[in-house]
Amino acid sequence: MNNKKLDLKYGVVALMIFVAALSRLLPHPPNFTPVAGMALFGAAYFNKRWLAIVIPLIALWCSNLILDNVFYAQYYDGFVWFSAITLWVYVSIAIVAVVGFLFLRKRSVGRIAVATLSASILFFLITNFGSWMSAMSVYPKTFSGLMACYAAGIPFFWKTMAGDFFYVAVLFGTYEWVKQSVPSFRTANA
């Protein structure tokens with residue numbers, strides 16, 4: 001694949017990831033977000049693994065800047081850009097991208113479904129662990145406290161999983177539709 005074709009492909013993938021990140025600004029149920037979908041999509045279509053991690057993380061960071069400072073600033077005193085759990089979210093998204101590398105180099109509906117379910121579970125486990133570890137956690141730093149934290153997160157897990165499957169379907173489906181519908185893009189992916 002020559003550089004122009006590669007640039008077009010990467011540009012479309014990056015643009016789709018940023019648009020997905022901006023969809024977080026729309027009203028939505030808690031945890032129904034494109035975050036894991038962005039990481040899986042990037043892992044599936046970026047040949048350079050570092051891009052598959054960096055682009056979704058930058059898109060997430062940009063949408064967090066907007067959310068934190070436009071929507072949440074009214075609840076805090078001053079500039080908000082990094083919460084106690086944010087680091088755990090970013091780590092989980094990087095790990096989800098690695099899952100994408102493992103499952104999605106060869107794409108099929110089954111592989112995409114397994115990767116999406118794995119991403120949802122990993123995100124749940126990692127971010128709830130981070131919440132439990134946080135100095136602001138209401139849960140004791142015991143095994144029972146960790147299990148209580150996981151139990152409290154279960155209602156959010158279902159919304160996370162629904163969002164992951166929704167956004168994975170939208171991102172992968174849109175990309176394949178564009179690939180089939182736009183002749184110049186079809187040749188860029190040959």
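Please give the number of the condition F129 fails out of (1) over 20 Å from F166 (Cα atoms); (2) within 13 Å of the chain's Cα centre (by Cα); (3) modelled with pLDDT of 90 or more; (4) not polar (S, T, N, Q). So F129 meets the others, but not (2). Name the single residue, out of those in the range 33-52 being buried (at least 23 other Cβ atoms within 10 Å of the Cβ) and aliphatic (A, V, I, L, M), that is farthest from A97 (Cα to Cα). Among them, the one singled out is V35.
Of the residues K159, K179, K141, only one is among the basic types (K, R), open to solvent by 60 Å² or more (accessible area, probe 1.4 Å) and assigned to a helix (DSSP H, G or I); which?
K159
Mind listing whichever residues of the range 144-156 are within 17 Å of S118 (Cα to Cα) and surrounded by 15 or more Cβ atoms within 10 Å (Cβ to Cβ)? Result: Y150, G153, F156. Put simply, of I93, I121 the only residue that is open to solvent by 70 Å² or more (accessible area, probe 1.4 Å), in a helix (DSSP H, G or I), aliphatic (A, V, I, L, M) and within 30 Å of V12 (Cα to Cα) is I121. Restricting the range 134-148 to residues that are touching a residue at least 12 places away in the same chain (Cβ under 8 Å) and aliphatic (A, V, I, L, M) leaves a set whose member that is nearest to S92 (Cα to Cα) is L146. Within the range 158-179, if we keep just the residues that are of a type outside the set (D, E, K, R) and free of Cβ contacts under 8 Å to residues at least 40 places away in the same chain, the residue that is farthest from I112 (Cα to Cα) turns out to be W158. Determine, yes or no, whether A73 is surrounded by fewer than 20 Cβ atoms within 10 Å (Cβ to Cβ), at pLDDT below 75 and of a type in the set (G, A, S). When the stated conditions are applied, A73 passes them.
The values are calculated or read from the model by the stated rules, or taken from the named source; none is laboratory data. Everything numeric in this text was worked out from a predicted model, so none of it was measured. Don't worry about glycine lacking a Cβ; one is built from the backbone with ideal geometry, like all the others, and counts go over all protein chains shown. Ligands, DNA and RNA are excluded from the accessible area calculation, which covers all protein heavy atoms including side chains. Shrake-Rupley method; radii C 1.70, N 1.55, O 1.52, S 1.80 Å.
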